[in-house]
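The values are calculated or read from the model by the stated rules, or taken from the named source; none is laboratory data. Since we're looking at a predicted model, the values are computed, not measured. Note that we place each Cβ from the backbone using ideal geometry, even for glycine, and neighbour counts take in every protein chain shown. Remember, those area values only see protein heavy atoms, side chains included, never the ligands or the DNA or RNA. Shrake-Rupley method; radii C 1.70, N 1.55, O 1.52, S 1.80 Å.
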Amino acid sequence: QVQLVESGGGLVQPGGSLRLSCAASGSIFSINVMGWYRQAPGKQREFVAAKTSDGRTNYADSVKGRFTISRDNAKNTVYLQVNSLKPEDTAVYYCNTITSRALSYWGQGTQVTVSS
């Protein structure tokens with residue numbers, strides 16, 4: 001079992017920035033991929049970014065150049081730096097991890113609201 005706890009969401013004006021954090025605990029030795037998804041009101045959950053244990057990263061086209069994912073393996077934490085925020089980035093952001101046994105775990109989500 002892996003437990004994930006997100007933090008760092010909030011209300012920000014267009015063009016602003018936030019840093020989301022996701023701390024993992026439990027069977028962390030089995031973690032392979034850590035990533036972020038988001039779900040806007042009335043929409044399906046969508047992929048945002050992910051980083052593998054060997055350092056490979058992947059981003060959704062809609063966030064490339066604005067969002068940066070990073071991992072601190074010593075702290076078992078993954079971060080999402082979100083810059084140049086737009087109103088359409090408003091969503092609940094969820095942390096996700098996939099273990100070496102292909103098990104998927106989700107955090108509870110953190111709300112990001114972009115509004116003037």
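Taken over region 13-51, the criterion of being of a type in the set (A, V, I, L, M, F, W, C) and over 20 Å from K86 (Cα atoms) is satisfied by C22, A23, A24, I28, F29, I31, V33, M34, A50.
Taking the criterion of being in a loop (DSSP other than H, G, I, E, B) and over 20 Å from W106 (Cβ atoms), the residues of region 54-72 that qualify are D54, G55, R56, D61, S62, K64, G65, R66.
Quickly run through region 67-76 and pick out the residues that are among the β-branched types (V, I, T) and either open to solvent by less than 30 Å² (accessible area, probe 1.4 Å) or out of contact with any strand residue (DSSP E or B) (no Cβ under 9 Å at 6 or more places or on another chain) (or both). Outline the logic, then answer.
First, pick out the residues of region 67-76 that are among the β-branched types (V, I, T): 68-69.
Across region 67-76, the qualifying residue is only I69.
Inspect all residues belonging to region 82-92 and state whether any of them is closer than 14 Å to E6 by Cβ, in contact with a Cys (Cβ under 8 Å, 6 or more places away or on another chain), open to solvent by less than 50 Å² (accessible area, probe 1.4 Å) and in contact (Cβ under 8 Å) with a residue 60 or more places away in the chain. Lay out the reasoning, then the answer.
Our first condition is that a residue be closer than 14 Å to E6 by Cβ; within region 82-92, this holds for 82, 91-92.
Remaining after also requiring in contact with a Cys (Cβ under 8 Å, 6 or more places away or on another chain): none.
The answer is no, given that none of the residues of region 82-92 is closer than 14 Å to E6 by Cβ, in contact with a Cys (Cβ under 8 Å, 6 or more places away or on another chain), open to solvent by less than 50 Å² (accessible area, probe 1.4 Å) and in contact (Cβ under 8 Å) with a residue 60 or more places away in the chain.
Residues in region 40-58 that are surrounded by fewer than 19 Cβ atoms within 10 Å (Cβ to Cβ) and closer than 21 Å to D72 by Cβ: how many? Spell out how you get there, then give the answer.
First, pick out the residues of region 40-58 that are surrounded by fewer than 19 Cβ atoms within 10 Å (Cβ to Cβ): 40-47, 52-58.
From what is left, the residues that are closer than 21 Å to D72 by Cβ are 52-58.
Looking only at that region, the number is 7.
Listed conditions (1) at pLDDT below 95; (2) part of a loop (DSSP other than H, G, I, E, B); (3) of a type outside the set (K, R); (4) surrounded by 14 or more Cβ atoms within 10 Å (Cβ to Cβ) are all met by I98, apart from (2). The set of residues in region 52-61 being under 15 Å from V82 (Cβ atoms) and small (G, A, S) consists of A60 alone. Taken together, S30, S21 contain a single residue that is modelled with pLDDT of 95 or more and within 18 Å of A74 (Cβ to Cβ), which is S21.
Residues in region 8-21 that are open to solvent by 60 Å² or more (accessible area, probe 1.4 Å) and assigned to a strand (DSSP E or B): L11, R19.
When we screen Y37, Y79 for residues that are open to solvent by less than 50 Å² (accessible area, probe 1.4 Å), part of a strand (DSSP E or B) and of a type in the set (S, T, Y), the only hit is Y79.
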